[in-house]
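Student: The structure's right below; bear with me while I get my questions together.
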Amino acid sequence: MSKVSIIEVKTADHLKQFVRFPMDLYKNNPYYVPSFIKDEMKIWDAKENPALQYSESKQFLAIKDNKISGRIAVIINHKEEKELGIKKVRFGWIDFINDPEVSKALIQTAIDYAKEHNIDKIEGPMGFTNLDKAGMLTMGFDKLATMIGIYNHAYYPEHLENLGLVKEKEWVEYEMNFPKVLPEKVEKFSGLIAQKYKLSVLKFKSKEEILPYVEPMFKLLDETYKHLSTYTPISDEQIKTYKEKYFPLIDKNYVICVVDENKQLVSFAITMPSYSKALQKSKGKLFPFGWWHFLQAAKKNDRANFYLIGIHPEYQRRGVTAIIFKEIFVRFTSMGINFAETNPELEENKSVQLLWQDYNPVNHKRRRTYSLEINDK
């Protein structure tokens, strides 16, 4: 049996191979959606990724039979340790051929890295922060991936479980056939709630008019999810990075902002047309022709994805979501959107899952992180 070698990514060529490996692994898979190569390269550049200011990381490639057979990244988020008291090695960007020796070598690399830093737990797949991709797919292998979700072969979870890793966190995702008629309950309450709390929906005439609300959206996101035990606040540098990365893809018609009588943001929802097929056609590159596929997806699409939704704690459970969903219904109907898909939601976050209850949601995907205590490994 051929031996598996692990090499650390230290050169630009190795980093390109690290980034491109899943594109080769899933070359003929109709459900895999590649990331932008340029964006993936920036993740490992301290000048481009503010999370590297408080994190340390390494990337590795697995070599077998003189071929790249797997990859993994290991991360220590010192901000997480300082603010939440959580000490662990995060592992992510994990991909491998269907060979137990390869997956074993990759996980052992994460274990060794943890031991070097006197850390007794590893968990993954996950990125640097809460807004990075996380969770290994455990259900929905025959569903088209989204731009912000990890896709993996069905054998991945089996490999990790055989190595002794156990479920740590679980996320669920839902798909909905968007209704042709707005539910009566939503129609009724949206007006009542807007009148009672003096709320209104902002009407953006251009995408540039959204810019002043980007930072308040992220701050509101912090307020919405700070009760979750694993949530760490988003830094100003991260806000800037996410704005630069995703703002070019945003369409003003897919952004809903609800404000109070003083024009203070109390709730928002960011949706996007599905760019999954556009990403597949672009093969991870925006130029020279990838931009055209994205332009077409923005103009003509029957599917949309929910990306972020935030509600100020003072307005949670007060029916504000009725206002958001009425506005989404009006806009989606005018744009010909028939299907909507949620982003991954923590299984225990029932308050978010209740948002979709009037739309007959179908749980079509599940994903989880796996962890391992390594005191005696």
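Student: Report the full-extension gain for the segment W291 to K27: residue separation times 0.36 nm, less the Cα-Cα distance, to one decimal in nm.
Tutor: Values: separation 264, 0.36 × 264 = 95.04 nm, distance 2.07 nm.
Length gained between W291 and K27: 93.0 nm.
Student: Could you work out Rg/(2.2 N^0.38 Å) for the range 316-377, with Rg from alpha carbons only? Walk me through the intermediate numbers first.
Tutor: On the way: Rg = 17.1 Å, N = 62, 2.2 N^0.38 = 10.6 Å.
Dividing the Cα radius of gyration by 2.2 N^0.38 Å gives 1.62.
Student: Once phi is turned into ³J(HN,Hα) by the Karplus curve 6.51 cos²θ - 1.76 cosθ + 1.60 with θ = phi - 60°, what whole-Hz value does each residue of the range 149-161 show in order, with x for glycine and proline?
Tutor: For the range 149-161, the Karplus curve yields x, 6, 10, 8, 5, 5, 7, 4, x, 4, 4, 5, 5 Hz.
Student: What is the distance in Å between the Cα centroid of the range 1-23 and that of the range 157-234?
Tutor: 36 Å
Student: How large is Rg over Rh for the range 182-237, taking Rg from the Cα atoms and Rh as the Kirkwood inverse mean of 1/r across Cα pairs? Could the numbers behind the result be given before it?
Tutor: Values: Rg = 15.7 Å, Rh = 14.3 Å.
Looking at the range 182-237, the ratio lands at 1.10.
Student: Rg to Rh ratio, the range 234-377, alpha-carbon atoms and Kirkwood radius? Working shown, then result.
Tutor: Details: Rg = 17.8 Å, Rh = 17.6 Å.
Rg/Rh for the range 234-377 comes to 1.02.
Student: For the chain, what is the charge dipole size about the Cα centre, in debye to the nearest 20, if Lys and Arg each add +1 at the Cβ and Asp and Glu each add -1 at the Cβ? Present the calculation step by step, with values, prior to reporting the outcome.
Tutor: Details: 56 positive and 50 negative charges, 214 e Å.
For the chain, the charge dipole is close to 1020 debye.
Student: All other residues with a Cβ under 12 Å from the Cβ of I337 taken together, and with Lys, Arg as +1 and Asp, Glu as -1, what is their net charge? Walk me through the numbers before you get to the answer.
Tutor: Details: positive: K180, K300, R303, R331; negative: D251, D302, E341.
So the environment of I337 carries a net charge of +1.
Student: Here's a follow-up. Percent antiparallel among DSSP beta bridges with both residues in the chain, to the nearest 5? Let's see the in-between values first.
Tutor: Values: 54 of 59 bridges.
Restricted to the chain, the bridges split so that about 90 percent are antiparallel.
Student: What value, in deg cm²/dmol to 500, does the helix sum -39500 (n - 2.57) over DSSP H runs of n ≥ 4 give at 222 nm once divided by the residues of the chain?
Tutor: Numbers: 12 runs with 126 residues, N = 377.
Result for the chain, helices only: -10000 deg cm²/dmol.
Student: In Å³ and rounded to a whole number, note down the convex hull volume per residue for the Cα atoms of the chain.
Tutor: On the way: hull volume 53.2 nm³, N = 377.
Spread over its residues, the Cα hull of the chain gives 141 Å³ apiece.
Student: Would you grab the residues whose amide H sits under 5 Å from the one on M139? Only those 5+ places off in sequence or on another chain, please, with H modelled 1.01 Å from N.
Tutor: For M139, the qualifying residues are R366.
Student: So, one more: Of K87/K365; K121/K169; K67/K121, which sit over 25 Å apart, Cα to Cα? List each step's numbers first, then the result.
Tutor: Working: K87/K365 29 Å; K121/K169 14 Å; K67/K121 30 Å.
The answer is K87/K365; K67/K121.
Student: Oh, and also: What ³J(HN,Hα) values, in whole Hz, does the Karplus curve 6.51 cos²θ - 1.76 cosθ + 1.60 give for the range 270-276 when θ = phi - 60°, with x put for Gly and Pro?
Tutor: Using θ = phi - 60°, the values come out as 10, 10, 8, x, 5, 9, 4 Hz.
Student: Mind checking which lysines have their C-alpha under 23 Å from K64, skipping anything on the same chain fewer than 8 residues away?
Tutor: Reachable lysines: K3, K10, K16, K27, K104.
Student: Would you work out which of Y370, F306, F339 lies farthest towards the positive end of the dipole of the range 251-377, given +1 charges on the beta-carbon of Lys and Arg and -1 on that of Asp and Glu, about the Cα centre?
Tutor: Going by the Cα projections, it comes out as F339.
Student: May I pose another question? Please report, in debye to the nearest 20, how large the charge dipole of the range 240-318 is about its Cα centre when each Lys and Arg carries +1 at its beta carbon and each Asp and Glu carries -1 there. Numbers along the way, then the final one.
Tutor: Values: 14 positive and 6 negative charges, 95 e Å.
That gives the range 240-318 a dipole magnitude of about 460 debye.
Student: Among the aspartates and glutamates, select those whose C-alpha is under 16 Å from the C-alpha of K115, and discard any that sit fewer than 8 residues away in the same chain.
Tutor: The qualifying aspartates and glutamates are E56, E123, E373, D376.
Student: Further question on the same structure: So for each of 296-302, 363-369, 283-289 I average, over its residues, the number of other beta carbons within 10 Å; can you give me the resulting order with the highest mean first?
Tutor: Working: 296-302: 14.9, 363-369: 19.7, 283-289: 13.0.
The densest-packed peptide leads the list: 363-369, 296-302, 283-289.
Student: Measure up K252/K281; K205/K243; K263/K285; K88/K219 against 29 Å on the Cα-Cα distance and list the ones that go over. Write down the numbers at each step before the final one.
Tutor: Values: K252/K281 24 Å; K205/K243 19 Å; K263/K285 39 Å; K88/K219 26 Å.
Correct reply: K263/K285.
Where a number appears in this text, it was derived from the coordinates with a stated rule and is not lab data. Everything numeric in this text was worked out from a predicted model, so none of it was measured. Neighbour counts run over all protein chains shown; Cβ positions are idealised from the backbone, glycine included.
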